[in-house]
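The values are calculated or read from the model by the stated rules, or taken from the named source; none is laboratory data. Bear in mind that the values here come from a model prediction, so they are computed numbers and not experimental data. All Cβ positions, glycine included, derive from the backbone under ideal geometry; neighbour counts span all protein chains shown.
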Amino acid sequence: MQITLIMLSSVLTIENNFLSVDICPSQGADIRRISRKNESENLLLETKWTGTEKNYCDCARDDEDHFISHYAGGWQIMIPNAGYASDSKYGRLGYHGEAWSSAWTVLKYEATEMLLETYLSTAPIKVERKVSLDQRNLEISDVVTNRSNAEIEFLWGHHPAFSNFLIDQSTEVRINAGIISAEVNTLSPDSNNVPSYIEQFSEELYLKNFMTEPHSFLGFVSKFNKGSASIINKNNNLQVNLLWDVKIFPFAWLWIENQKISDEPWSNNIITLAIEPCSTKTNLGLAESLKNAGNFVSLGAKESLATLICLEVQTPILC
């Protein structure tokens, strides 16, 4: 099926014998649902607060509250910015960038595959995306192209947040990296230390018993030996593995929200854990990231850069 026009509020589904995935081209090519075929669960967070049901963004605000008011959960791409809104040589870049709020054009829509593209207005960037299913794997292949005749610099990341079907008191998390810090922590500004439930080994971070009491945490992970992390839920006998290219995403943000944020629209209701591969360690935006080498992506004139991020759904669990 070939589609060239996007209808507002559209959510499209691809599926195979193992997985079903909902995609929202009208807002960011977001991945809204990942479930096992014929199962009712959603492995991704669903916020379901007022404003998220329209599935498109038609305003020009760039602050964090703007992102949150449209945040339906799921899995976003962050480009050309990640974290706080920031000034750049292209102009003002919004919180988590522009692509998450853009309507994408669907170029091809088949049973197990979708091709999409979008052209950014806040930076001279074209993003082409293929979302496809291969057995128990969801594969997201992105190609970013510099449309200008000069070198460009930008931030790039992924923002998958998982649901309480995966995140409960039985959950264990393994991240193949050696360092985590909380030196920039917007959700828990009074806490400067990494929580005791995170064990740091030379090549692995291990989380266990992190859902025992309400709290919020945002940490920044580095020193990856490979781009991979696993979430193991023993109650539901399920393991999810996230795999990515550390040459493009050498950092990851770890966000845990366990019914702590009382402000609207959170209202102490949200349970989630997100592992967010990113080109920068800091969540302070492009301008701050440009101060440190290795914390941003650069592309020469007319150059393209491609990467693949994969989510594996395993049951029974492998660990």
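Numbers at a glance
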item	result
Test: residue in the stretch 171-189 that is at pLDDT below 95, more than 20 Å from the chain's Cα centre (by Cα), part of a loop (DSSP other than H, G, I, E, B) and not hydroxyl-bearing (Ser, Thr, Tyr)	yes
In the stretch 268-287, the residues that are modelled with pLDDT of 95 or more and closer than 23 Å to Asp245 by Cα	Leu273, Ala274, Ile275, Glu276, Pro277, Cys278, Ser279, Thr280, Gly285, Leu286
Residue among Thr272, Thr212 that alone is of a type in the set (Ser, Thr, Tyr) and assigned to a loop (DSSP other than H, G, I, E, B)	Thr212
Selection count, the stretch 275-293, where residues are within 19 Å of the chain's Cα centre (by Cα) and assigned to a loop (DSSP other than H, G, I, E, B)	6
Index of the failed condition, Pro265 passing every other in (1) under 19 Å from Pro160 (Cα atoms); (2) modelled with pLDDT of 95 or more; (3) not basic (Lys, Arg)	(1)
Count of residues meeting criterion [modelled with pLDDT of 95 or more and either touching a helix residue (DSSP H, G or I) at 6+ places or on another chain (Cβ under 7 Å) or farther than 12 Å from Arg174 by Cβ (or both)] in the stretch 198-210	2
Residues of the stretch 51-89 satisfying the condition of being touching a residue at least 40 places away in the same chain (Cβ under 8 Å) and either more than 20 Å from Pro25 (Cβ to Cβ) or polar (S, T, N, Q) (or both)	Asn55, Ile68, Ser69, Gln76, Asn81, Ala82, Gly83, Tyr84, Ala85, Ser86, Asp87, Ser88
Count of residues meeting criterion [farther than 15 Å from Glu204 by Cα and surrounded by fewer than 21 Cβ atoms within 10 Å (Cβ to Cβ)] in the stretch 226-237	4
Those residues of the stretch 119-130 which are touching a residue at least 24 places away in the same chain (Cβ under 8 Å), part of a strand (DSSP E or B) and surrounded by fewer than 21 Cβ atoms within 10 Å (Cβ to Cβ), in sequence order	Tyr119
Whichever residue in the stretch 27-50 is under 16 Å from Ser69 (Cβ atoms) and either surrounded by 20 or more Cβ atoms within 10 Å (Cβ to Cβ) or free of Cβ contacts under 8 Å to residues at least 60 places away in the same chain (or both) and, among such residues, is nearest to the chain's Cα centre (by Cα)	Asp30
Residue list for the stretch 245-263, filter: touching a residue at least 40 places away in the same chain (Cβ under 8 Å), part of a loop (DSSP other than H, G, I, E, B) and farther than 18 Å from Ser289 by Cβ	Asp245, Gln259, Lys260, Ile261
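Yes or no, residue by residue, for (1) at pLDDT 90 or above; (2) touching a Lys or Arg at 6+ places or on another chain (Cβ under 8 Å):
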| residue | (1), (2) |
| --- | --- |
| Thr4 | no, no |
| Ile34 | yes, no |
| Lys37 | yes, no |
| Asn42 | yes, yes |
| Gly51 | no, no |
